[in-house]
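Quick notes on the structure that follows.
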Amino acid sequence: MKWKLLLSGVLMSGYLVTAAYAQQGARSDMYCRDMPLERGSVMVCEAYTYQQCMASRVAGERCFRNPKYGRR
C-alpha cells in the first residue's frame, strides 16, 4: 500500500514539473501594440500571437514583436 502511494506521488510530481516547463515556452507578451496617449505612446505587451494583438488593438495602434525578445 505504501509503495502505491509513493509511486503516485512521484508520478504526480513529474507531471507538475513537466507542465511547468511546457508553460515556460509560451510567453503572453510576445507581441506588443503602441497605445497612443495625449503626449506620445505606451507599449502594451500582452498577446501570445500577432492575431491576438491585431484583434485587441483600436484605431491608430500598430502591432509588433516584443523588442525584449529580439528578432527571430
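The values are calculated or read from the model by the stated rules, or taken from the named source; none is laboratory data. Note that the structure is predicted; figures quoted are calculated from it, not measured. Glycine gets a Cβ as well: all are built from the backbone with ideal geometry, and neighbour counts include every protein chain shown.
In table form, for the structure just shown:
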read-out: Within segment 26-46, tally of residues that are within 14 Å of LYS68 (Cα to Cα) and either assigned to a loop (DSSP other than H, G, I, E, B) or touching a residue at least 12 places away in the same chain (Cβ under 8 Å) (or both); value: 10
read-out: Subset of segment 27-72 (residues that are modelled with pLDDT under 90 and among the aromatic types (Phe, Trp, Tyr)); value: TYR69
